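Heads up, the thing below is written out as structure tokens.
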Amino acid sequence: MTPLRLALLQYPVERPEGVAAFGAKLDRWLAEAKNSGAELAVLPEYACVELGAALTGSDTADEATELAAMVEAAPAILEAMRAAARRAGLWLLPGTMPVRDADGLIRNRAPLIAPDGRIATQDKHAMTRFERERWGVSAGSGPAVFQTPWGLIGISICYDVEFPRHVRAQVEAGAWLILAPSCTDTMHGFNRVRLSAAARAVENQCFVAITPTVGVAPWSAALDVNRGHAAVFGPVDRGFPEDGVLARGGLDMPQWVFADLDPARIETVRREGAVFNHRDWPGQSFDQPKVMAPA
């Protein structure tokens, strides 16, 4: 496995006039990442949903109308993403998009696109209340890992990174890096993702990267408020920062955040660290807790 220069985009929610304009926006941002030496670029969860106003033809469309328009346009949006990855010559995780499956259900899906346009996908498995109760987005397939030039990586989308077993399954399958694109409209939501990602990095002795949508967009039913910053977390152990933070961006600011990540550092800390969280996880099994009372 070889080192990776990772680029995380704190994606500004704007008002592209259509899918072609969205593709042009991707081109501009990806050219900047490429010029900075990036090899894999990551955008946030639901970044493309900024297209909702253009696709519905209204600044006041409700959530259901916006979602229906996004689902109908999903094939065209995906093709725009693939074309942008090809033009930039980058591996691209362009965030996630709502898609309708053959069973009729809508799922939140992240495409991982190779520079030649090949695609593999990861669904979001755990639904937030907004997705389940208001949007009607359903749980997708379980965790997978993805073959890349830098070894196996995992994708745990936003709420999924808040559940240890989702990430753990990916790590046990060989992932040394977990990408967790997110979309949060409050600092409570952002901090749940941030703190969970840092915890997953500690307990698995791996890298975890987050990046959010940012900005205020009153014309968007789903992306009206967007908070957070990108960050990369690693093990809190020898050879890493004392707080485990390898990179972070400015709060709520559109920008790329770059990190140079070497999987060999993960192998070393798992072998020589002050603690062995990754190795000791399987030993942490317990019987049903007893109910105790003071005697």
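The values are calculated or read from the model by the stated rules, or taken from the named source; none is laboratory data. Every value quoted in this text rests on a predicted model; they were computed, and no experiment measured them. Note that we place each Cβ from the backbone using ideal geometry, even for glycine, and neighbour counts take in every protein chain shown. Ligands, DNA and RNA are stripped out before the accessible areas are found, and what is left, the full protein with its side chains, is counted by its heavy atoms. Shrake-Rupley method; radii C 1.70, N 1.55, O 1.52, S 1.80 Å.
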Heavy-atom SASA rank of 253, 70, 187 (probe 1.4 Å, accessible area, largest first)
253, 187, 70
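Would you mind classifying segment 1-154 by shape? Square roots of the alpha carbon gyration tensor eigenvalues, ordered a ≥ b ≥ c; an a/c under 1.5 is rounded, otherwise it is prolate if a/b is larger than b/c and oblate if not.
On the way: a/c = 2.11, a/b = 1.32, b/c = 1.59.
Taking the square roots of the gyration eigenvalues as a ≥ b ≥ c, segment 1-154 is oblate.
Can you give the local net charge around residue 266? Use residues other than it whose beta-carbon is closer than 12 angstrom to its beta-carbon, Lys and Arg +1, Asp and Glu -1.
Numbers: positive: 265, 270, 271; negative: 237, 262, 267, 272.
Around residue 266, the charge tally is -1.
Assign one of three labels to segment 182-258, namely rounded, prolate or oblate, based on the Cα gyration tensor with a ≥ b ≥ c the square roots of its eigenvalues; rounded applies when a/c is under 1.5, prolate when it is not and a/b is larger than b/c, and oblate otherwise.
prolate
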How high is the relative contact order of the chain, in percent, counting Cα pairs under 8 Å that sit 6 or more residues apart?
20
Just to be sure I understand: with springs between alpha-carbon atoms less than 10 Å apart, which residue in 272, 162, 39 has the highest mean-square fluctuation in the Gaussian network model of the chain?
272
Order the peptides 100-106, 148-154 from the highest to the lowest mean number of other Cβ atoms within 10 Å of their residues.
148-154, 100-106
Rounded to the nearest 10 degrees, what's the angle between the helix 63-88 long axis and the longest principal axis of the chain, both from Cα atoms, 0 to 90?
80
Expressed as a percent, the accessible surface of segment 101-165 that is carbon or sulfur, using a 1.4 Å probe and the full set of protein chains, is 52
I want the local charge near residue 278. Using Cβ-Cβ distances under 15 Å, sum +1 for each Lys or Arg and -1 for each Asp or Glu among the other residues.
+2
Hey, can you find the accessible area per residue of the chain for me, probe 1.4 Å, expressed in square angstrom?
44
Name the chymotrypsin sites (Phe, Trp or Tyr not before Pro) in segment 235-295 that are in a loop by DSSP and that have at most 15 other C-beta atoms within 10 Å, would you?
276, 286
If I model a spin label as a point 7 Å beyond the Cα along the Cα-Cβ vector, how far apart are those points for residue 116 and residue 281 in nm?
3.2
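Which whole-number percent is the relative contact order of segment 34-114 (Cα, under 8 Å, 6+ apart)? Spell out each step's value before the answer.
On the way: 110 pairs, mean separation 29.7, N = 81.
After rounding, I find 37 percent.
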Could you work out what % of the accessible surface of segment 1-90 is carbon and sulfur, using a 1.4 angstrom probe and leaving DNA, RNA and ligands out of the count?
52
Tell me which aspartates and glutamates have Cα within less than 13 Å of residue 25's Cα, excluding those fewer than 8 residues away on the same chain?
14, 17, 50
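Considering every pair of different Cα atoms, what Kirkwood radius, in Å, is found for the chain?
Numbers: mean 1/r = 0.0516 Å⁻¹.
After inverting the pairwise mean of 1/r, the radius is 19.4 Å.
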For residue 15 and residue 147 in the same chain, what is the full-extension length gain: residue separation times 0.36 nm, less their Cα-Cα distance, in nm?
44.1 nm
Between the Cα axis of helix 19-35 and the main Cα principal axis of the chain, the angle (0 to 90°, nearest 10) is 40
Could you tell me which of rounded, prolate or oblate describes segment 104-245, using a ≥ b ≥ c as the square roots of the eigenvalues of the alpha-carbon gyration tensor, with rounded for a/c under 1.5 and, failing that, prolate when a/b is larger than b/c and oblate otherwise?
oblate
What aspartates and glutamates could a cross-link reach from residue 34, if we take a straight Cα to Cα line under 16 Å and drop same-chain neighbours fewer than 8 places away?
116, 260
Relative contact order for segment 167-226: what percent, with Cα pairs under 8 Å and sequence separation of 6 or more?
38
Dipole-positive endmost among 64, 33, 53 within segment 33-77 (Cβ charges, Cα centre):
33
To the nearest 20 debye, the chain has a Cα-centred charge dipole, built from +1 on Lys and Arg Cβ and -1 on Asp and Glu Cβ, of 560
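Only bridges with both residues in segment 1-151 count here: give the DSSP antiparallel percent, nearest 5. Could you put the intermediate results ahead of the total?
On the way: 11 of 20 bridges.
Within segment 1-151, antiparallel bridges account for around 55 percent of the total.
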About the Cα centre of segment 36-102, how large is the charge dipole given +1 on each Lys and Arg Cβ and -1 on each Asp and Glu Cβ? Please answer in debye to the nearest 20.
440
